[in-house]
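Peer 1: If you scroll down you'll find the structure; I have some questions about it.
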Amino acid sequence: SRSGRRAVVIVDALRLDGAFAIQDALTGHEVEIHTVRAMIPTVTPIGMTAMLPLDGVHVTFEVEANNLHPRVNGKDAAIRSNRLTLLSEFGADCREIEDVENTQAPTGTFGVLLVVFGHEEVDHLGHGSAEALIRHIDREVERLALLIRRLHRWGYPEVHVVTDHGFILLDEDKLPPEVTCKKDWCYVRKERFAFVPAHADVPLVTFPFAWDDSMRVALPPGLAFFMAEKSFSHGGGALQE
């Protein structure tokens, strides 16, 4: 909510080590890295909603078909278009990353507060093929560094890169054991988290959930899983996530 020209680049699934890689790529620029704890569970509908300007709005939460639906002033914030509408109402000029990258010269039409969204290759590749992500992640870091340089040239002296969550990346032949978490204990059960009734006596480690005190977030210890998973995952409370 500060004044002055600034840009915000929203990235899906950028780990802290990725932030340091971007810093290394921005030689000659002043770069600050601020670690911020992601909201649990560390998944996109929760993390992206938590980054919205939520002062003065009404946030509720629903579970439908084992999926999460935070609602901001009644609108489902799990849907990207609804989040962008809220940002636009806040005063942001929201642009797809490809649109910014394909603009050859500044047109003077970009807003004072520019929000660049749509960078989701890391998350998309990871869920599809962790090996492909390992080969590709350096290119994504370079892409973000180039974008930041471009925004500086276009008169945005302050560029913030923010993310909803990170991820764990494990050897699929050496995945940790599963932790018992029965489906009938839970409102939602995923690989790296579950939602359980707040007053239920379950043999799980649980934490408060900020948007609904009738339920708590259950997390498996360390890098373990509640259900079988691939090597790329997020949703839990590990540092990488």
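Peer 1: Suppose we keep just the alpha-carbon trace of the chain; what are its Rg and Dmax in angstrom?
Peer 2: That works out to 18.9, 60 Å for Rg and Dmax.
Peer 1: Tell me, what is the Rg over Rh of the stretch 1-42, with Rh the Kirkwood radius over Cα pairs? Don't skip to the answer; put the middle values down first.
Peer 2: Numbers: Rg = 12.6 Å, Rh = 12.6 Å.
Taking Rg over the Kirkwood Rh, I get 1.00.
Peer 1: Count the lysine pairs in the chain whose Cα atoms sit under 28 Å apart, keeping only pairs 8 or more residues apart in sequence or on different chains.
Peer 2: Qualifying lysine pairs in the chain: 9.
Peer 1: Classify the stretch 114-241: rounded, prolate or oblate, from the alpha-carbon gyration tensor (a ≥ b ≥ c, eigenvalue square roots; a/c under 1.5 rounded; otherwise prolate if a/b is larger than b/c)?
Peer 2: Values: a/c = 3.54, a/b = 1.69, b/c = 2.09.
It is oblate, given that a/c is not under 1.5 and a/b is not larger than b/c.
Peer 1: Rank-order 16-29, 42-55 by packing density, defined as the average count of other C-beta atoms within 10 Å over each peptide's residues, highest first.
Peer 2: On the way: 16-29: 14.8, 42-55: 19.5.
Packing proxy ranking, top to bottom: 42-55, 16-29.
Peer 1: Follow-up. Before rounding to the nearest 500, sum -39500 (n - 2.57) across all DSSP H runs of length at least 4 in the chain and divide by the residue total; then give [θ] at 222 nm in deg cm²/dmol. Working shown, then result.
Peer 2: Values: 6 runs with 65 residues, N = 241.
About -8000 deg cm²/dmol.
Peer 1: Given H placed on each backbone N at 1.01 Å, which residues far from R216 in sequence or on other chains put an amide H within less than 5 Å of it?
Peer 2: V196, A198
Peer 1: Over the chain, what relative contact order in percent results from Cα pairs under 8 Å that are six or more residues apart? Write out the running numbers ahead of the final one.
Peer 2: Numbers: 403 pairs, mean separation 67.1, N = 241.
Value for the chain: 28 percent.
Peer 1: Can you send over the carbon and sulfur percentage of the accessible area for the chain, probe radius 1.4 Å, protein chains only? Walk me through the numbers on the way to the answer.
Peer 2: Details: 6630 of 12940 Å².
Ligands and nucleic acids excluded, carbon and sulfur reach 51 percent.
Peer 1: For the chain, what is the accessible area per residue in Å² when the probe is 1.4 Å?
Peer 2: Numbers: 12940 Å² over 241 residues.
I get 54 Å² per residue for the chain.
Peer 1: Another question, then. What shape does the stretch 12-119 have by the C-alpha gyration tensor, where a ≥ b ≥ c are the square roots of the eigenvalues, rounded means a/c under 1.5, and otherwise prolate means a/b greater than b/c and oblate the rest? Display every interim value, and only then the final one.
Peer 2: Numbers: a/c = 2.15, a/b = 1.36, b/c = 1.58.
Oblate is the answer for the stretch 12-119, as a/c is 1.5 or above yet b/c matches or exceeds a/b.
The values are calculated or read from the model by the stated rules, or taken from the named source; none is laboratory data. Predicted, not measured: the structure shown is a model, and the values here were computed from it. Heads up, the Cβs are rebuilt from the backbone with ideal geometry, glycines too, and the neighbour counts pull from every protein chain shown. Heavy atoms of the whole protein, side chains included, go into the accessibility calculation; ligands, DNA and RNA do not. Shrake-Rupley method; radii C 1.70, N 1.55, O 1.52, S 1.80 Å.
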